[in-house]
Each structure stands twice: as structure tokens, then as C-alpha cells.
Ligand SMILES: [Zn+2]
């Protein structure tokens, strides 16, 4: 089966992963993981990498981290950016914004797909989006925004949404409102996730039997930066 996990983490690259899926997009959370991910990618061509500093861990890097990130990205045209974002319920909002904007700028400047985490900060994120004329591919992971936020996001052509096991509990019916060509699936590095089950749930919600192929094609567009 053609299944690619669109959002996982460095520690999840285990033998279970290798028997379960055909590929994964692996996001770093701290700078110290960058080299580890490069090594994993060099040993397994089914692992695609997104590099960055997660909003929960902005305290682990100095504010000039973006110089090193830019250097790494410029040397590797297939490297993406993630996991980056803003989280209202975590400390250091000012530093979070500084880190997010630096990484967002790099993604725009180098035209790289980016993987976003946003909790309770949609007003800030949408405001930042509006400052740019052209946005590269953006994948919103574990999307939790309201209908108004979703409508704003869907105006952007290269916006994608990756769903984790909570897709099953899509009480707000966001999946109903998201076009088929914008849906991805993810484990977020959680070991008990069954990606096939998530696809089944989405197939039922969308009343679409060909969901495996559709999600695979969507993921391929991101990997080809198309
Ligand atoms: Zn994540």
C-alpha cells in the first residue's frame, strides 16, 4: 500500500515504522536533532526531512540559530522546514514569534515546504501570512482551527492539512470542508497510531473509496515541491 506518514519525529524512526509505511516526513523539534535526522536520511531514502525549532523548545537555541538553519537548507535543496509555529499555551511567546518569523522567512525565501504547529494563535499566524504575496507549500499539522480560520486558510493555494488519529473524532467536521486534494495523514511520532485506520475514517467521512491514492498523490506533490 502506498502510505506516507506526513508528520513524524526523529525518535519514531524504528523497525515498526519500517514495516508499516512506505515513507515518512520527519520533523525536528530542536537544533540538536538536525544532525541525527541527516544521518537517518542518509541511511534510509524513504525518510524525508524537515528541519527547524518547535515553538515548545525555543529556549534550547540561541536566536542566531537561523544562520545555521539557512546554511543547512542552502546546501540541501530537498530539505524542508518544520516543525515550526506558535502555541498560546506554552511560554516565551515573544521568542516563539521571533523564531517562527525567522523560519517562515527562510521557507518563503528558499521556497521550501513547511510544517506548522498552531495552537490558539491563528490570529497571529494569519496576520503573518498576509504579509507575503506568494507562500510556499504549508502543511498544517493536527488542524484545530474554527470554520472562519479554515475559510481564510483555504484561500491559499498551497495549503495542506494533515490529520492524526483524532480525525476519528472530527466533531467539528473540518474534514468535510477540506477539499480531497489537500488532505494528508500523520502519526506525529506516536507509536500506537494506525495510519490505515485514519485513512479508513477519512474515506468514510468523505465518502471516497480511493483515499489511499489521493493522499499518496497529495504527499508526493509536497515532496516534489509542486
Ligand atoms: Zn509534531
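We did not get these values from a lab; they are worked out from the coordinates using the rules stated. Predicted model only: the values in this text are computed from it and were never measured. Cβ atoms come from the backbone with ideal geometry, glycine included; neighbour counts cover every protein chain shown.
Note down the nm distance, to one decimal, between modelled labels 7 Å out along Cα→Cβ at residue 155 and at residue 209.
Taking the simple label geometry, residue 155 and residue 209 are separated by 3.9 nm.
I need the calculated FRET efficiency for the pair residue 217 and residue 194, taking r as the beta carbon distance and R₀ as 25 Å, to the nearest 0.05.
So, using R0 = 25 Å, E works out to roughly 0.75.
By how many nm would the segment from residue 2 to residue 67 grow when fully extended, if each residue of separation counts as 0.36 nm and the alpha-carbon distance is taken off?
19.8 nm
If you average 1/r across every pair of different Cα atoms in the chain and take the reciprocal, what Kirkwood value do you get, in Å?
17.5 Å
Take the alpha-carbon centre of the range 179-220, take the same for the range 43-90, and report the distance between them in whole Å.
That distance is 25 Å.
Going highest first, how would you order 41-48, 53-60 by mean Cβ packing within 10 Å?
Result, highest mean first: 53-60, 41-48.
Using a 10 Å cut-off around each Cβ, can you sort 128, 202 from fewest to most neighbouring Cβ atoms?
Ordered by Cβ neighbours within 10 Å, fewest first: 128, 202.
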